[in-house]
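Notes follow once the structure below has been shown.
The values are calculated or read from the model by the stated rules, or taken from the named source; none is laboratory data. Just so we're clear, the structure is a prediction, and the values are computed from it rather than from any experiment. Don't worry about glycine lacking a Cβ; one is built from the backbone with ideal geometry, like all the others, and counts go over all protein chains shown. Remember, those area values only see protein heavy atoms, side chains included, never the ligands or the DNA or RNA. Shrake-Rupley method; radii C 1.70, N 1.55, O 1.52, S 1.80 Å.
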Amino acid sequence: MRVSTAYSFESSVSALQRRQEEMSRAQQQMTTGKRVERPGDDPTAAAQVERALVEESRGRSMLRTLDASRNVMTLTESALGDAGDLAQRAREALVAAGNGGYSGSERLTMANQLKELRNQLFAVANQQDGAGNLLFGRQGNTSGPYVDNGSSVTSAANGGGLAGSNVENLPLSIDGPQVWLQVGSGNGVFETSAGTSATPNTGSGWVSAGSVTDPSAWNALASHSYSVAFTQDPSTGALSYSVTDDATGSAMADANGNTSFAYQSGKAITVVPGISFAVSGTPDASGDSFHVGESTPDLNVFKALDRAVAALSNPNANNGQVMQAVNAGISDMDQVLGSFQSARAMVGETLNRLDGVESRTGGRILAAQTTRSNVEDVDMVQAISEFTNRQTSYQAALQSYSMVQKLSLFNYISG
C-alpha cells in the first residue's frame, strides 16, 4: 500500500484535531460540572432533565402561592380575633344595659357604645391584606364585600372564597358573609321572639333564648313554629298561657292533656317537645304574644347590633321591651361569637395544613433537583480522570506528528 506524504500529514493533523476536541470537551464538562449541556449530548437524559425542570418550576410556583395564602390566612386569623374581642365587648355592654336601675340616658350611653363597636366590626369586615385584597371578599367583588346603606349591611359578592391553587386548595380569602351575614339565629337550634312587626308587644314581658332538652324530640317538630298567648282571669287577675302549633292550629298539651297553664314569671315552658324556654315579666293579656321557630342561617351581625341600639335608644321603651332587646342581643352575640370562633379555628387549621403543603412541595422540589443532578451532572472524579487521559493522548499525538513530519522525501533530499 502506497502512503503519500500529503496523506500522512492530513491523517496526523486530523488525529490532532480530534484529540484536541476530546480534551476540550472533557475540560468543559469539568469546568461546568454538567455532563449534558445540549439535547444532542444525550437525548434521553435531556428529556428527563426537562421534566425535572418543569416539576421544580411548578413546585416553586406553588411555594409562592402558598406564601401568599399563609399571609392572608394569618391576617384573617388576627382579624377574626379582633372581631371576637369586639363582639365580647358588645355582649358585656348588653349585659350592663340590662341593669334595671339604669335610666334612659344611661341606656343611651350603652347604645352609643354599641354603635362604636358596630363601626369597628364593619371596619374589620372590610379589612385588606398588604396587596389591597379583601380578607373577607369572596368572589367577584373588587370594590368591597360589605356596603352599609344606613339600615343594613349587604354584600354584592358571589358565594365561596378565592383559592390560589385547585390542587392543594390554597385559600386567598374565606367565605366572609357566612361569618358576618349568615350566622344561625336564636340559640342556633331554635329562635324565640316577642310580638310581631305588625303588632308589637306592649306589656313588660320578655322571652329567653331557651335551650334544647331532647334533640330528637325537637327535630321531629322543628319545621313547625309555635305561639304563646296569654289570658287573664277577670276576677283574680291571674295570667295563664297556652301554646299553639302554628302549622296545625292546635293547642299543645302536656302529659295530662292540659292545654292551659298558670303563668309564673321566669318558669320554664316545656310543653313543646324537646325544648325549654321561659317568659318573664308581666305580659299584656290583651295582645302580647311570643313565638318559637326553627333557627335560620340569616343572622346579620350588624343588623343584630342595630336592633339592640334602636331599642336601647328609645326613651319610651318599657322594661319588658328593654329586657327583650337585651336578651335577644345577648343571644345574638353568643351566636356571633360562636361564628367567629368557628371561623378562626378553621383558619388556624388551614395554617397548619399550609405547613404540610409546604413540606410536601419542598420534598417534590428536592426530588426534582436530585433527579436532574443525577442525570445531567458529571462525576467529577471520572471527569478529572477522563481529562487527564485526553491530555496525555493529545500530547502523544503532538509528539507523533513532530516525528512524522520529518519523514518526507524533501527533508531527506535537503539533508
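In table form, for the structure just shown:
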item	result
Candidates ALA278, ALA209, filtered to the one that is assigned to a strand (DSSP E or B), within 30 Å of GLN113 (Cβ to Cβ) and of a type in the set (Gly, Ala, Ser)	ALA278
ALA68 vs. criteria part of a loop (DSSP other than H, G, I, E, B), under 18 Å from the mean Cα position of the chain (by Cα) and assigned by TED's automatic domain parsing to the domain that holds ILE365	no
Region 244-259: number of residues that are surrounded by 17 or more Cβ atoms within 10 Å (Cβ to Cβ) and outside any strand (DSSP E or B)	1
Residue count, region 212-243 (criterion: open to solvent by 50 Å² or more (accessible area, probe 1.4 Å), among the polar types (S, T, N, Q) and in a strand (DSSP E or B))	2
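Conditions (1) in contact with a strand residue (DSSP E or B) (Cβ under 7 Å, 6 or more places away or on another chain); (2) open to solvent by 70 Å² or more (accessible area, probe 1.4 Å); (3) within 18 Å of THR199 (Cα to Cα); (4) not small (Gly, Ala, Ser), marked per residue:
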site	(1), (2), (3), (4)
SER280	yes, no, no, no
ALA285	yes, no, yes, no
ALA304	no, no, no, no
ARG307	no, yes, yes, yes
ALA310	no, no, yes, no
GLY320	yes, no, yes, no
